[in-house]
Amino acid sequence: MVTIGDVLAVIGVVVATVLSLWALTLAVALLFRTRAERARTRIECSPGKVTLRGALMALVLGVLVAALLNHPNGLLKLVGWVVYLFLLVVGAVGFSGLVALVAQRLAQIEPSFTPYAALSRGALLCVLTTLVPILGWFVVAPLIGFASLGAGVEAIFSRTPALAPSASANSSTSS
């Protein structure tokens, strides 16, 4: 028998999860702006490649994490938790890039948005789309998760090309 308390508990957990994911996304996007912009660029330029890479990583590392967490050795369980938390951090960076892309497009639609307002609404939009029954749970959320993981890996571990020295720096060194 389900009581009203059980229903309210589930609603409370969902609301708390949405709010904490929204806040985490904003914090990562604001604190690690360069990485989030790299992830945004990766998702914008090659969404299929990034999503496929994330799905492959989720499959391989997910099986590894599940095996490590089910092992009786405490040290291996610790390694499993570290790998799992690493995946979550990488996914958070990639998700902040996706949110930055949505925020950029929202700002194009409505120029009166401040950058923070666009980012905040983009984060809320991305989080809430995963709550749509059936389609959001089983299609949108996994695709967003895979794209976030793939973009996060590329944003964290790829090297950016070296910046060419500016013309003023060249003229000052030659004189």
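Based on the Cβ-Cβ distance from Val82 to Val15, what FRET efficiency comes out when R0 is 22 Å, to the nearest 0.05?
After rounding to 0.05, the efficiency reads 0.15.
Answer rounded, prolate or oblate for the stretch 76-146, using the Cα gyration tensor with square roots of eigenvalues a ≥ b ≥ c: rounded when a/c is under 1.5, else prolate when a/b is larger than b/c, else oblate.
Oblate shape, in that a/c is at least 1.5 and b/c is the bigger or equal ratio.
Between Ala66 and Met1, what is 0.36 nm times their sequence separation minus the Cα-Cα distance? Round to one decimal in nm.
20.1 nm
Hey, can you grab everything whose amide H is under 5 Å from the amide H of His71? Only 5+ residues off in sequence or another chain; H modelled, so Pro and N-termini drop out.
So His71 has HN proximity to no qualifying residue.
Which shape class applies to the chain: rounded if a/c is under 1.5, otherwise prolate when a/b exceeds b/c and oblate if not, where a ≥ b ≥ c are the square roots of the Cα gyration tensor eigenvalues?
oblate
Label points 7 Å out from Cα along the Cβ direction at Ala141 and Asn73: separation in nm?
Going from the Ala141 label point to the Asn73 one covers 3.4 nm.
I'd like the distance separating the alpha-carbon centroids of the stretch 32-53 and the stretch 2-26, in whole Å.
With the stretch 32-53 and the stretch 2-26 each reduced to a Cα centre, they are spaced 29 Å.
No lab work stands behind these numbers, since they all come straight from the coordinates. Values in this document were obtained by computation on a predicted structure and should not be read as measured data. FYI the Cβ positions are ideal-geometry reconstructions off the backbone, even for glycines, and counts take in every protein chain you see.
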